[in-house]
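*Asks:* The structure follows.
The values are calculated or read from the model by the stated rules, or taken from the named source; none is laboratory data. These numbers come from a predicted model, not from an experiment. Note that we place each Cβ from the backbone using ideal geometry, even for glycine, and neighbour counts take in every protein chain shown.
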Amino acid sequence: MDAKKINILLVEDNKDFAKLVKVYLQRFDKDAFSVVWKENHSDALAELGSGREVDIVLMDYFLPGKNGLEITKEMRKRNLDIPVVFLTVNKDFDLALDVMKVGIDDYLVKEEITSPVLPKTILGVIEKRRLKDRLMEIEISQQRLQAIHETLAGVIKDFEAPLGAMQRVEKGLLERLPSEVQGNFLKIIVENTARIADKLERLKALKVDKTIKYIRDIKMIDLS
């Protein structure tokens, strides 16, 4: 298990059950979890807004003032995308559907919670969220690569027509002008046209490779 503790915000108005949650977690692994307990919605939201790290919220449904569902909706309005596991006293199918609609990660009935069930649920939810975040990062990276690929394709297309025209003019001058007239000026045109053509070919070769190496190799090509 990772050395870093999992920071849990427990929102529960029943003091005895809050103690039981801590016992279950300690029994599973005394060094794995850190629990902050709050009894109502205002204290819970204050804790979430304090800047202290919270990895997961264990949320009772029936609370004084606002219930757990309302607190979760308020969290989402504040863009607090923290995993939430609901704790409730009964198996209410309609309630389960309601909480899942607002992005609850899991749902546990209190009377069915045992020492291994609760910590394993917490660990499972956090691992799923980490995987989800990683997949999102990969998707964003792929979108960026696709954008670079499309931009590069446009650059190549924009360069090809004027480069072709330059090469035709260059060829015509070389054919028509005597060598003593060509001089250094025409030599510079020929050299730079060849240099641009070479870089364009290298960009074309990169265009088919949509990988991280593709970005690294683009940076290595001096387009100046």
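*Asks:* For region 51-72, what are the residues that are more than 14 Å from Ile8 (Cα to Cα) and either buried (at least 20 other Cβ atoms within 10 Å of the Cβ) or hydroxyl-bearing (Ser, Thr, Tyr) (or both)?
*Replies:* Tyr61, Leu63, Gly68, Ile71, Thr72
*Asks:* Next up: Considering only region 78-120, state which residues are surrounded by 12 or more Cβ atoms within 10 Å (Cβ to Cβ) and part of a helix (DSSP H, G or I).
*Replies:* Those that are surrounded by 12 or more Cβ atoms within 10 Å (Cβ to Cβ) and part of a helix (DSSP H, G or I): Leu95, Ala96, Asp98, Val99, Met100, Lys110, Val117, Leu118, Pro119, Lys120.
*Asks:* Name every residue in region 34-79 that is polar (S, T, N, Q), within 19 Å of Val21 (Cα to Cα) and over 27 Å from the mean Cα position of the chain (by Cα), in order of residue number.
*Replies:* Correct list: Asn40 only.
*Asks:* While we're looking at this one, here's another question. Among the residues of region 121-142, write down those that are farther than 30 Å from Ile8 by Cα and either of a type in the set (Asp, Glu) or loosely packed, with under 11 Cβ neighbours inside 10 Å (or both).
*Replies:* None - no residue of region 121-142 is farther than 30 Å from Ile8 by Cα and either of a type in the set (Asp, Glu) or loosely packed, with under 11 Cβ neighbours inside 10 Å (or both), so the list stays empty.
*Asks:* What number of residues within region 7-27 are surrounded by 19 or more Cβ atoms within 10 Å (Cβ to Cβ) and closer than 16 Å to Val117 by Cβ?
*Replies:* 4
*Asks:* Moving on to the next point. Which number in (1) outside the structural domain of Asp13 (by TED's automatic domain parsing); (2) surrounded by 13 or more Cβ atoms within 10 Å (Cβ to Cβ) marks the one condition that Ser42 misses?
*Replies:* Here Ser42 meets the rest and fails (1).
*Asks:* Please state which of the following conditions Met75 fails to meet, knowing it meets all the rest: (1) surrounded by 16 or more Cβ atoms within 10 Å (Cβ to Cβ); (2) within 24 Å of Thr114 (Cβ to Cβ); (3) aliphatic (A, V, I, L, M).
*Replies:* Against the list (1) surrounded by 16 or more Cβ atoms within 10 Å (Cβ to Cβ); (2) within 24 Å of Thr114 (Cβ to Cβ); (3) aliphatic (A, V, I, L, M), Met75 comes up short only on (2).
*Asks:* Quickly run through region 24-74 and pick out the residues that are among the aromatic types (Phe, Trp, Tyr) and in contact (Cβ under 8 Å) with a residue 60 or more places away in the chain. Explain how you work it out, then say what you get.
*Replies:* Filtering region 24-74 for residues among the aromatic types (Phe, Trp, Tyr) gives 24, 28, 33, 37, 61-62.
If the condition is that a residue be among the aromatic types (Phe, Trp, Tyr) and in contact (Cβ under 8 Å) with a residue 60 or more places away in the chain, then Tyr24, Phe28, Phe33 are the ones that fit.
*Asks:* Oh, and also: Only one of these is within 20 Å of Leu118 (Cβ to Cβ) and either modelled with pLDDT under 90 or hydrophobic (A, V, I, L, M, F, W, C) (or both): Leu63, Leu69, Leu48. Name it.
*Replies:* Going through Leu63, Leu69, Leu48 in turn, just one is within 20 Å of Leu118 (Cβ to Cβ) and either modelled with pLDDT under 90 or hydrophobic (A, V, I, L, M, F, W, C) (or both): Leu63.
*Asks:* Would you be able to say whether some residue in region 143-153 is surrounded by fewer than 11 Cβ atoms within 10 Å (Cβ to Cβ), assigned to a helix (DSSP H, G or I), of a type in the set (Gly, Ala, Ser) and at pLDDT below 75?
*Replies:* Yes - at least one qualifying residue is present in region 143-153.
Yes/no matrix, rows are residues, columns are (1) touching a Phe, Trp or Tyr at 6+ places or on another chain (Cβ under 7 Å); (2) over 24 Å from Glu47 (Cβ atoms):
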residue	(1), (2)
Thr72	no, no
Arg76	no, no
Asn79	no, no
Asn90	no, yes
Tyr107	yes, no
Glu111	no, yes
Ser115	yes, yes
